[in-house]
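As structure tokens, the structure follows; a few thoughts come after it.
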Amino acid sequence: MIRYTPEPLTNFAEPKEAQQLAAALNQVKALLGRNYPIIAAGQERFTSRHITSVNPSRNEEVIGNVSKADARLADEAVEAAHARFLTWSRVKPEIRADYLFKAAAILRRKKHVFSAWMMLEAGKTRAEADADTAEAIDFMEYYARQMLQLVQRGAEQLTQTPGERNDLIYLPLGVGIIIPPWNFPLAIVAGMTTAAIVAGNTVVLKPSSLTPVIAYQFMELLREAGVPDGIVQYVPGGGSEIGDVLVSHKLTRFISFTGSKEVGIHLHEISAKVQPGQLWLKRFVGEMGGKDAIVVGEDADPAAAAAGIVTSAFGYSGQKCSACSRVIVHHRLYDEVLERVRELTVQLKMGDAAEAATDVGPVIDRQAYLKIANYIRVGQQEGQLVAGGGCDDGTGYFIEPTIFAGVDPDARLMQEEIFGPVVAFTAVSSFEDALRIANHSEYGLTGSVYTNNRQHIEQAKAEFQAGNLYINRKCTGAIVGVHPFGGFNMSGTDSKAGGPDYLFLFTQPKLISERL
């Protein structure tokens, strides 16, 4: 088996790659406005109600109309997934892994088309969309290999005793509910879904209502790869209408969720309640956001720190759970780092995500736009506006990359997840104070430390409360198999997507001991 290596990112400075992406955009634009069905029990179903997905760069452009499920259809989807589990769970792991390898190969050939869908439906720039597609390929390649390794490890990790043969096998759990976010509408959809099915589970995929068309394209990818009907049920719908139905169903065995803290807490709570006829305690795998900090020590490289802050804070308009939203700088470097960040920020070009020159695209929808705009108003009361602050929803949902300085660690801007292109600066007098403020959060997802002091690096390793800690680099851009991703506290259940133990979350171990 070929060793896993991460998918390389596209160099759009190459004319051939840029031309292929332009052709893919034209191809996808010709498909806009179509109607898409629910896919349940191996059948396509169109309903009278639908979700209208729009382009956040051009909010009058309809990406597609996706049929909307109700509680009855949600219930049917879980029942259908349960029926298919009986056969899928007995398919050899090697065969299940082959489906993922095939899907990854197809996606690799069609990567620009999938990236084009994300540029239009999710408002991702070409670089962000390309990275999303590459990560989706990585998840499928990586989890397929992890499944094959899991099959081999059972007997090897046990201590054998004379006269017995002992084996530890990993069985699939059952029906899983996959609830992904809109901000990585292909990568996280692919990762959450394929990890579950390669382990032998069947799933009900409830895509985000903001990016359901991309999720449908992923369903078509699985179909082209030969994944049998009914292994993945595609059930779009409102969280309040069908989310609770799916999570609380007596036949649901596990929930895999990525989204906000509030929704995650709610789903975790209802998943813990045992329903009449339910034979197990449901497993909840959750990733629930962050309030991520970059610490800059007094002996750091100011230029490197500033570049990392700008990329971490404003990539995809700050709409990443790993995005930097707090910057904590030693007072001796504070003014210099702040000015360098300001200079880099004002050079960023904001515009339509489909345009090649765009650095910062729109935020995802009007609700997000209004929420972030309100935080900018709050920031004007809590700190000094250094850059940005402008908002324009005339044709799309655009918010300038925004910097506030002199913000108190207890301020709302430093405590609440904004999920937009807004970053707050505060100064400290010591590295100990910097770590204390960095840890002064209910979240614990990512963090970064810029310093050339070895003692401070070791101190950060021991004390910085983050699931993903980066030293002298940005706090975004985790790579599958390289940076297993997941956080502490209210950032989730500490699961590490893209890591060597992730598939364990979708299996249950069974010991078999035979006397010889």
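None of the figures in this text is laboratory data; all of them are computed from the coordinates on show. It should be emphasised that the depicted structure is a prediction, and the values quoted were computed from it without experimental measurement. Cβ atoms come from the backbone with ideal geometry, glycine included; neighbour counts cover every protein chain shown.
Observations on the model:
- Calculated FRET efficiency for the pair Glu220/Val91, C-beta based, R₀ 22 Å, to 0.05: 0.55
- Student exercise, the stretch 292-479 dipole from Lys, Arg, Asp, Glu Cβ charges, in Debye to nearest 20: 240
- Antiparallel bridge percentage (DSSP; both residues within the chain; nearest 5): 40
- With neighbours defined as other Cβ atoms within 10 Å of a residue's Cβ, the residues Lys110, Lys206 order from fewest to most as Lys110, Lys206.
- Put in order of Cβ neighbour count within 10 Å, fewest first, the listed residues Asp132, Asp301 become Asp301, Asp132.
- In order along the stretch 266-272, the Karplus-derived 3J(HN,Hα) couplings, from 6.51 cos²θ - 1.76 cosθ + 1.60 at θ = phi - 60°, round to 4, 5, 4, 5, 6, 5, 7 Hz, and Gly and Pro are given as x.
- For Leu251, neighbours were defined as the other residues whose beta-carbon sits under 11 Å from its Cβ, and their charges (Lys and Arg +1, Asp and Glu -1) total +1.
- Theoretical gain in end-to-end length, Ala83 to Ala23 [0.36 nm per residue, Cα-Cα removed]: 17.4 nm
- Bins of 10 Å, starting at 0 and running to the largest distance - Cα pair percent for the stretch 292-479: 10, 41, 36, 12, 1, 0
- Placing a label point 7 Å from the Cα of Ala303 along the Cα-to-Cβ direction, the residues of the stretch 437-477 whose backbone N falls under 18 Å of that point are 450-452, 472-474.
- Charge tally in the Cβ shell below 12 Å around Ile106, where Lys, Arg are +1 and Asp, Glu are -1, Ile106 excluded: +4
- Which of Met414, Met119 has the fewest Cβ neighbours within 10 Å, and the rest in rising order: Met414, Met119
- Computed log₁₀ I(q)/I(0) - Debye formula, equal Cα scatterers, no solvent, the chain, q 0.12 Å⁻¹: -1.11
- CD proxy at 222 nm, helix term only [per DSSP H run n ≥ 4: -39500 (n - 2.57); per residue of the chain; nearest 500]: -12500 deg cm²/dmol
- Residue pairs, from the table Lys124/Lys320; Lys206/Lys371; Lys68/Lys273; Lys206/Lys261; Lys261/Lys349; Lys320/Lys371, whose Cα atoms sit over 20 Å apart: Lys206/Lys371; Lys68/Lys273; Lys261/Lys349
- Rounded to whole numbers, the Karplus 3J(HN,Hα) couplings from phi for the stretch 55-69 are 7, x, 7, 9, 6, 9, 8, 8, 7, x, 10, 10, 4, 10, 7 Hz, using 6.51 cos²θ - 1.76 cosθ + 1.60 with θ = phi - 60°, and x at Gly and Pro.
- Interatomic Cα distance distribution for the stretch 38-158, bins of 5 angstrom, percent: 2, 10, 12, 12, 15, 18, 16, 8, 4, 2, 1, 0, 0
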